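Nothing in this text is a laboratory measurement; each read-out follows from the coordinates by a stated rule. Keep in mind that this is a model prediction, so the values were computed, not measured. As a convention, Cβ positions derive from the backbone with ideal geometry for all residues, glycine included, and neighbour counts pool all protein chains shown.
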């Protein structure tokens, strides 16, 4: 993650959005503000950004259309949707477009700031586990193969389920091994239904058990946020 990430903020609310930019500037972010979807897409084409914040409900070109055009140019750019729409269908559509988060208006500036930090942390920076390629990770003394769904330690192979593999890969790809609880539910199960929270707890416990033979590996609970895969 860059020391001063550059954010593209697209929102047609001309009263509140400048206040958001001022707040984010105080937090160390460089923010480029656009008041229409058309302007947002054109600005993205001519600049370099670390994250996009897109209001969903805009005239002519809404946030979903902007996201699609941006993702066509840069498949890896993370983005957050802002919307007054709390309906599940809207949230699902946003997540299907690859959104990293979905913030419902009205929201506090601090909440948005913390969500931006979480998305940037997941999308860049150092990794908890070193990975020789897209399918192989080294986690302490363990070799983790996502293709084979296997954890291997000194010839001992543990087969993983599809969900266990997704969750462990998410830990490996996360900055400092820290994963957000709600984001993990969306990444692994496809939604953030809190009823799945118990399932997440169970699978984290399973991963701890699978890697217990390396005392240098821990999965810590982070109060109010999620978990951290720590490799000493």
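Arrange 103, 231, 66 by Cβ neighbour counts within 10 Å, fewest through most, would you? Don't skip to the answer; put the middle values down first.
Details: 103 17, 231 20, 66 28.
Fewest-to-most Cβ neighbours within 10 Å comes out as 103, 231, 66.
What angle do you read, to the nearest 10 degrees and between 0 and 90, between the alpha-carbon axis of helix 17-26 and the longest principal axis of the chain?
50
Hey, rough spin-label estimate for residue 93 and residue 110, points 7 angstrom out along Cα→Cβ, what's it come to in nanometres?
According to this spin-label approximation, the distance is 3.3 nm.
Against the empirical 2.2 N^0.38 Å scaling, what ratio does the C-alpha Rg of segment 136-231 come to? It would help to have the intermediate numbers written out before the result.
Details: Rg = 12.6 Å, N = 96, 2.2 N^0.38 = 12.5 Å.
Dividing the Cα radius of gyration by 2.2 N^0.38 Å gives 1.01.
Which angle between 0 and 90 degrees, to the nearest 10, do you get for helix 197-210 versus the longest principal axis of the chain when only C-alpha atoms count?
40
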